[in-house]
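Asks: Below: one structure in structure tokens.
The values are calculated or read from the model by the stated rules, or taken from the named source; none is laboratory data. This structure is a prediction, so every number in the text was calculated from the model and none was measured. Here the Cβ positions follow ideal geometry from the backbone for every residue, glycine too, while neighbour counts run over all protein chains shown. Remember, those area values only see protein heavy atoms, side chains included, never the ligands or the DNA or RNA. Shrake-Rupley method; radii C 1.70, N 1.55, O 1.52, S 1.80 Å.
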Amino acid sequence: MKDLSRNIELNCPICANDQFEYDSELESTTYKCSDCGKEFTKDELLEANEYKINANLEDVKQEALMEIEKELKKIFKKSK
Ligand SMILES: [Zn+2]
């Protein structure tokens with residue numbers, strides 16, 4: 001998860017773990033925390049990490065969300 005932590009790190013809102021398991025084959029995959037096992041949709045994860053997005057980039061939240069989208073796509077590719 002080096003690429004992601006370089007920009008905005010997504011953490012599990014339950015246990016703050018930053019490693020997630022997901023099915024890269026599925027468009028609407030859920031992200032399962034590798035630590036506590038709780039599953040989240042991408043939207044839920046983004047929402048849970050919104051405070052970081054705001055802290056990092058203040059009022060350019062939309063831009064930050066697009067960055068996360070890009071990072072997630074990179075992860076999708078790597079997971080193959
Ligand atoms: Zn967790």
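Asks: Quick one: what pairs do we get from segment 43-56, first residue at pLDDT 75 or above, second aromatic (F, W, Y), C-beta under 7 Å, 6+ apart or different chains?
Replies: The qualifying pairs are L45/Y31.
Asks: Cβ-Cβ below 7 Å, separation at least six or inter-chain, first residue in segment 9-23 and open to solvent by 40 Å² or more (accessible area, probe 1.4 Å) and near the ligand (Cβ under 7 Å from one of its atoms), second in a loop (DSSP other than H, G, I, E, B) and at pLDDT 90 or above: which pairs?
Replies: Listed pairs, sorted by first residue: I14/C36; I14/K38; C15/D35; C15/C36.
Asks: Go through segment 33-47 and give me each residue that's open to solvent by 80 Å² or more (accessible area, probe 1.4 Å) and within 11 Å of the ligand (Cβ to nearest atom).
Replies: D35, K38, E39
Asks: I need the full set of residues from segment 4-25 which are under 19 Å from L65 (Cα atoms) and modelled with pLDDT under 85, in order please.
Replies: Result: L4, S5, R6, N7, I8, E9.
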